[in-house]
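These notes are about the structure you will find just below.
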Amino acid sequence: MQTAGMNMSEKLFLINNKGLRRRFHCKFAEKSTPEDRLLPEETLLWSQSLENLLKSKYGMTAFQTFLKSEFSYENIEFWLICEEYKKIKCSTRMSSRAKKIFKCYIEAEAPKEINIDHHTRDLIRQNVKTPNTSCFDEAQKIVYSLMEKDSYPRFLKSDVYQALHSSVSDCIKV
């Protein structure tokens with residue numbers, strides 16, 4: 001099966017579900033431009049902190065793939081949306097986006113409801129009435145902490161991470 005033209009998420013899906021770990025990684029490690037290569041050092045950095053993992057383009061993709069497989073993708077999705085939200089300059093756009101985020105992730109029975117306490121939920125409900133760049137900060141901290149203490153350690157033990165790291169390392173040794 002050819003992996004050319006596939007994005008990283010599609011390739012990770014194949015790695016995780018079709019047993020193409022070594023074949024994919026050797027091909028991936030041989031890409032022509034150094035900045036496109038996934039190196040063992042980078043996968044080792046991921047194991048040092050969630051922050052390092054999320055700073056890496058490929059680390060983020062691998063973690064997202066893992067969270068999707070565990071049905072907890074809403075956490076990273078919410079965290080990323082909050083990062084983008086903080087960059088909004090226009091108050092009208094900020095207000096509109098804050099309401100959408102609240103409706104999708106914060107309110108009770110939201111389609112992608114994140115796991116936060118009712119005090120934080122009430123605080124954000126108030127914050128959204130007069131939104132600013134920090135109105136989701138408390139929920140974002142809670143979600144980050146949940147990922148760091150729960151999902152991230154499981155990711156490091158997962159087949160996805162173990163296969164990525166060992167396959168990239170094996171390709172370099174060959």
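The values are calculated or read from the model by the stated rules, or taken from the named source; none is laboratory data. A quick note: this is a predicted structure, and the numbers were derived from the prediction, not measured. Counting neighbours? That spans all protein chains shown, and the Cβs are built from the backbone with ideal geometry, glycine included. Heavy atoms of the whole protein, side chains included, go into the accessibility calculation; ligands, DNA and RNA do not. Shrake-Rupley method; radii C 1.70, N 1.55, O 1.52, S 1.80 Å.
Which numbered condition in (1) open to solvent by 40 Å² or more (accessible area, probe 1.4 Å); (2) touching a residue at least 60 places away in the same chain (Cβ under 8 Å); (3) closer than 17 Å to W46 by Cα is the only one that L156 fails?
(1)
If you go through the range 75-96 one residue at a time, how many are assigned to a helix (DSSP H, G or I) and either closer than 17 Å to S145 by Cα or open to solvent by 60 Å² or more (accessible area, probe 1.4 Å) (or both)?
Of the residues in the range 75-96, 13 are assigned to a helix (DSSP H, G or I) and either closer than 17 Å to S145 by Cα or open to solvent by 60 Å² or more (accessible area, probe 1.4 Å) (or both).
Would you pick out the residues in the range 133-153 that are open to solvent by 70 Å² or more (accessible area, probe 1.4 Å) and under 15 Å from F102 (Cβ atoms)?
E138
Among the residues of the range 113-131, how many are under 26 Å from L50 (Cα atoms) and surrounded by 15 or more Cβ atoms within 10 Å (Cβ to Cβ)?
6
Give K149, K103, K141, K99 a once-over and let me know the one that is outside any loop (DSSP other than H, G, I, E, B), out of contact with any strand residue (DSSP E or B) (no Cβ under 8 Å at 6 or more places or on another chain), farther than 17 Å from L53 by Cα and without any contact (Cβ under 8 Å) to a residue 24 or more places away in the chain.
Checking each option against the conditions leaves just K103.
Residues being among the basic types (K, R) and in a helix (DSSP H, G or I): count how many of those fall in the range 106-122.
Of the residues in that region, 1 qualify.
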